[in-house]
Structures are given as structure tokens and as C-alpha cells.
1. Please work out which residue is surrounded by the fewest Cβ atoms within 10 Å (Cβ to Cβ), limiting yourself to the range 2-53 and to residues that are among the aliphatic types (A, V, I, L, M) and in contact (Cβ under 8 Å) with a residue 60 or more places away in the chain.
2. Go through (1) modelled with pLDDT under 95; (2) over 22 Å from the mean Cα position of the chain (by Cα); (3) farther than 19 Å from GLY114 by Cα and name the single condition THR243 misses.
3. Output the number of the condition that TYR189 fails; it satisfies all remaining conditions of (1) assigned by TED's automatic domain parsing to the domain that holds VAL80; (2) under 26 Å from ASP271 (Cβ atoms).
4. Would the range 74-91 turn up any residue that is crowded, with 17+ Cβ neighbours inside 10 Å and farther than 21 Å from GLY155 by Cβ?
5. Please enumerate the residues belonging to the range 261-281 that are of a type in the set (A, V, I, L, M), within 16 Å of ALA233 (Cβ to Cβ) and not in a helix (DSSP H, G or I).
Amino acid sequence: MISFITETVSTWDKLQAEKRPIFIYGMGDGALKIMSVFKQKGIVLSGIFASDGFVRGHSFEGYRVHKLSDIEEMVDDFVVVLAFAAGYQEIVDKIHEIAAKHTLLVPDVPVTGGGLFTYEYCQENAEKLRKVYDSLADDYSRKVYANIINFKISGNIDYLDTVTTPKSEIYKNIIKPHMNETYVDLGAYNGDTIRELLEYTNGRYSSIYALEPDRKNYKKLSKFVEGMPHIHAYNAAVWCTDTELPFASKAGRQSAICADAETKVEALTVDTILGKHPASIIKMDVEGFEREAIWGAAQTIAHYSPKMMISLYHRNEDIFELPLLLKTINPNYKLYIRHQLYIPAWETNLYAIV
């Protein structure tokens, strides 16, 4: 038994036991993943609805897509299962409005990889979860960690509300960037996180290394950094060794390394890129391959202790494997966990400083 885990019944168990009609809110990859689990577990789906602007006579996987108001007219009491990610206040507020009127559950399905995050999964990995919890640097990180895990088990969005931190507070209170940073941006997308950093350094920096494997995103990144001095941009993935990798290009944030992709992309390690020179901040948001990226930066992490900003939400195991790996490579790190505005528990990140 882990004392900070209070939820023992998974979202899926709740849905299996549910007698009321169950409707999925949303279409797309998230809905497909949830419907797949429904099928495995024999959970009956009554229908699908979408936000009013997305209905327009659509059907999805053989279901006519309704408006919420249509379902409310047809059914008195039902359960809503959220099947998309919301990272903007307006959408989050809309979800809370629905949760105030109906039972709303948000199943946790991994962005990458398989398996389900359940109480039983936590029991199997109890020692690792406890070790991370005990190694966190402040009480608030421990609260965030506990709430995120309890959310992932239960699907109850109330757990997210009390541990949501604005990104500005993370920069000001943990990362504290100065005007002479050597910044390594892994998963640089279109330059948005470089822009964020420069907001806190008045546009000043020593040098920036940015890796973006998606070709269309890389073009946007190149356009953004054009003319800026001491910026090294690579159309490459980050990995634990220098190699080539199969890559599924989706021209958005979901482009990722994919075993059956026909296209290949160059992959580099952080240690190779830096060539034994120090980095002062490393950010990793690489769609589930953060572990490989950490191993490829092991020399830099061990020798120079850069401030680390690492996504913890792509794979089920990330929430314990990545903090433990970082501590193994550099035991001097103080670890913090923060969650930014997002439903489900995406944008839950690990921050490490010495």
C-alpha cells in the first residue's frame, strides 16, 4: 500500500460497473484508444458527441456525432467520458461546466506505448513510485505527484485543479533563466519554447541548440531563428546514439519516431551536439523518447548539471522511470514536479536543478 495513493478503483472499473448510458465527448485518436479499451473490457458505448462547431452531420466509427444538447434532450442521466486533450482555459472551463451537470470521467490512456495506468499498475511499481515521492525537493512537488497519480487512476479532474501552476511561476521560481544560458531545446517544434526562454532573459543568451525532426516544423523553426546569432538548428531527432530512425511526420506536435514509418530521420545525442562543451538548460519534449534522450545527454548531465525540463506524461512509466534515471546519472539534482493547465495530465513535467 502506498500512503499517498488514495484512489483504488480505476476509471475503467467504474465504467464497467456503470448502469447509466455512457457517451464519449470527442473524436480522434483519444476516442479510438478509449473505444479500444471499451471493447476489451465489454464497456457499452451509447454514443458520441462533440462541441457544437464540430458536429455538422459527422459520424465517427459508425456512430452519429451529436451535440451535447441533443443527448440531454434524449437522456435524463448519463456519464460523459472525455476523449480529447484540453490546454486552454476556455476549453477547460467548458469541461468543468459539463462536469457540474453530469458525471464526467477522463480515462488515462498513454500518449505513446501500451498498458493502462491503474491502481494495480501502481502496486506493481510501488517501490519506484515511493522512491520518487521521497526524493522530491518540496512539499508541493509531492502534492502534485500524488494528485497526478490519483487522477490517472480515477479520471477525476478535481485532482488537477488544485495542482495547476502557471508556466511563468516555474520559470521564475525553479528554472530562473539568466542572460548567459546555453540552452538545448529537444523537440523545438516551431521555436515556441525558445521564444518562452527569451521572454525571461530579455532576448539574451550565450548559445542555443535546437533539434526538431519533423521537416515542416523544422522549416518554421528555421524561419523563426533566422538571423539570430549563436543558434544551431538541426533537422534531427534526439537519441541515445547517433543513428538514423524511422519517423512518422505529421507536421504538428504529434510527429514521432515510429517503427513502421517509411521515412527516416537523422538522430543525434546531446553529448555529440555539444562536443564536451557545457549546457546550462536542457528541455526535453520528445514524444515518449525522453529516456533515450537522457541517456544521450548522460555525460553533459553528469559533468555540468544543466537545469532540466522534462516531459513526464507520454508513457505510463515516465512518471517514475525518468526521475529515477536522472538521479542515477546525477545524484546532486533536486527534483521538482509541476503540472500546467491541461486535461488530462499532460504538461506534467519534471524540473531538476542543483
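The values are calculated or read from the model by the stated rules, or taken from the named source; none is laboratory data. The structure presented is a predicted model; accordingly, all values stated were derived computationally and were not measured. Cβ coordinates were reconstructed from backbone atoms using ideal geometry, including for glycine residues, and neighbour counts include every protein chain displayed.
1. Start the filter on the range 2-53 by keeping residues that are among the aliphatic types (A, V, I, L, M), which leaves 2, 5, 9, 15, 17, 22, 24, 27, 31-32, 34-35, 37, 43-45, 48, 50.
Now drop any that are not in contact (Cβ under 8 Å) with a residue 60 or more places away in the chain, which leaves 2, 5, 9, 15, 34, 37.
Values: ILE2: 16, ILE5: 18, VAL9: 13, LEU15: 21, ILE34: 23, VAL37: 15.
Here the answer is VAL9.
2. Tallying (1) modelled with pLDDT under 95; (2) over 22 Å from the mean Cα position of the chain (by Cα); (3) farther than 19 Å from GLY114 by Cα, THR243 fails exactly one: (1).
3. (1)
4. Residues of the range 74-91 crowded, with 17+ Cβ neighbours inside 10 Å: 78-86.
Checking the rest, the ones that are also farther than 21 Å from GLY155 by Cβ come to none.
The answer is no; no qualifying residue exists.
5. Kept after step one, since they are of a type in the set (A, V, I, L, M), are these residues of the range 261-281: 261, 265, 267-268, 270, 273-274, 279, 281.
From what is left, the residues that are within 16 Å of ALA233 (Cβ to Cβ) are 265, 267-268, 270, 273-274, 279.
Passing the criteria: VAL265, ALA267, LEU268, ALA279.
Listed here are the residues, each with its yes/no results for (1) in contact with a Phe, Trp or Tyr (Cβ under 8 Å, 6 or more places away or on another chain); (2) among the β-branched types (Val, Ile, Thr); (3) surrounded by 15 or more Cβ atoms within 10 Å (Cβ to Cβ); (4) outside the structural domain of LEU15 (by TED's automatic domain parsing).
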{"residue": "VAL109", "(1), (2), (3), (4)": "no, yes, yes, no"}
{"residue": "GLY114", "(1), (2), (3), (4)": "no, no, no, no"}
{"residue": "PHE117", "(1), (2), (3), (4)": "no, no, yes, no"}
{"residue": "ALA126", "(1), (2), (3), (4)": "no, no, no, no"}
{"residue": "TYR133", "(1), (2), (3), (4)": "yes, no, yes, no"}
{"residue": "ASN147", "(1), (2), (3), (4)": "yes, no, yes, no"}
{"residue": "PHE151", "(1), (2), (3), (4)": "yes, no, yes, no"}
{"residue": "ILE157", "(1), (2), (3), (4)": "yes, yes, yes, no"}
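Here is a yes/no grid of residues against (1) small (Gly, Ala, Ser); (2) more than 19 Å from ILE170 (Cβ to Cβ); (3) surrounded by fewer than 20 Cβ atoms within 10 Å (Cβ to Cβ); (4) touching a Phe, Trp or Tyr at 6+ places or on another chain (Cβ under 9 Å):
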| residue | (1), (2), (3), (4) |
| --- | --- |
| VAL265 | no, yes, no, yes |
| ALA297 | yes, yes, no, no |
| ILE301 | no, yes, no, yes |
| TYR304 | no, yes, yes, no |
| ILE310 | no, no, no, yes |
